[in-house]
């Protein structure tokens, strides 16, 4: 089963940290990362709000930089309440379980990222996410608070955690999403597509939407390409 991680950037209120911990544990998600927290995640208000989920707070990982927190994740999904210019496609929260499970064994870890209470994720943080997701709302304002948003995402993602049936783990060999990005980067640079341009991030973003069969097909294509132009297959 893919490991799901909830990541909160710049949280400033203890109650919200506790609410996130309670939401994710209730839905079978165990990992919480906090990036540059502006409050004590083990403070009395946080522990009180967590109510039975204090262990999530106690084992939460703390990072100074957002880039550091997502460096080991295969797929990073940013969340936002409003349209930003850094991504063209926005995926509804209800579609995430299918997107994630559709990648099969090619995906080991996926992070869901939330911004601070006041302004959400910055454009720079969103640009480091592979996909961006939204919660459908009747009106954008007032938007959901952090704890409510985390509960909505955890509820939909429980389709993954609560419906999982134990089975023998399959070894993943060279088919993880980071490998896809590495191969795609080589090919795009070869054909002269500027990594700092507009087309490059759009192509990389769409690649992250591939399902398991698409990923296998991409690896087959990459094998022939790399053999012909780089005398290697990986």
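Just so it is clear, none of the values below were taken in a lab; they were calculated from the coordinates. Source: prediction; values computed, not measured. Note: ideal-geometry Cβ built from the backbone for every residue, glycine included; neighbour counts use all protein chains shown.
Which residue fluctuates most in the GNM of the chain (Cα springs below 10 Å): 159, 212, 182?
Of the options given, 182 has the highest mean-square fluctuation.
Ignoring solvent entirely, what values of log10 I(q)/I(0) come out of the Debye formula for the range 177-230 at 0.21, 0.25 Å⁻¹ when each Cα is a single scatterer?
At q = 0.21, 0.25 Å⁻¹ the computed log10 ratios are -0.78, -1.05.
Could you pull out which residues in the range 1-44 have an amide N less than 14 Å from a spot 7 Å beyond the Cα of residue 105, following the Cα-Cβ vector?
Correct set: 1-2.
Taking the 0 to 90 degree range and rounding to the nearest ten, how far is the long axis of helix 177-190 tilted relative to the main principal axis of the chain, both from C-alpha atoms?
50 degrees
Work out the P(r) tail for the range 3-161: percent of alpha carbon pairs separated by more than 24 Å, whole number.
Details: 3276 of 12561 pairs.
For the range 3-161, the fraction of Cα-Cα distances above 24 Å is 26 percent.
So for 61, 231, fewest C-beta neighbours within 10 Å to most, what's the order?
Numbers: 61 13, 231 7.
Fewest-to-most ranking of 61, 231: 231, 61.
Could you give the angle, 0 to 90 degrees to the nearest 10, between helix 146-161's Cα long axis and the longest principal axis of the Cα atoms of the chain?
Roughly 50 degrees, rounded to the nearest 10.
Can you sort 129, 39, 116 so the residue with the fewest Cβ neighbours within 10 Å comes first? Display every interim value, and only then the final one.
On the way: 129 25, 39 17, 116 20.
Least to most surrounded, the residues fall as 39, 116, 129.
Please list 185-197, 99-111 highest first by mean number of surrounding beta-carbon atoms within 10 Å per residue.
99-111, 185-197
What do you get for the angle between helix 14-26 and the principal long axis of the chain? Use alpha-carbon atoms, 0 to 90 degrees, nearest ten.
60 degrees
Taking every DSSP beta bridge with both residues inside the range 3-161, roughly what % is antiparallel (nearest 5)? Before the final figure, lay out each step's value.
On the way: 1 of 24 bridges.
Counting DSSP beta bridges with both partners in the range 3-161, the antiparallel share is about 5 percent.
Arrange 93, 113 by Cβ neighbour counts within 10 Å, fewest through most, would you?
Working: 93 19, 113 28.
Least crowded to most crowded, the residues run 93, 113.
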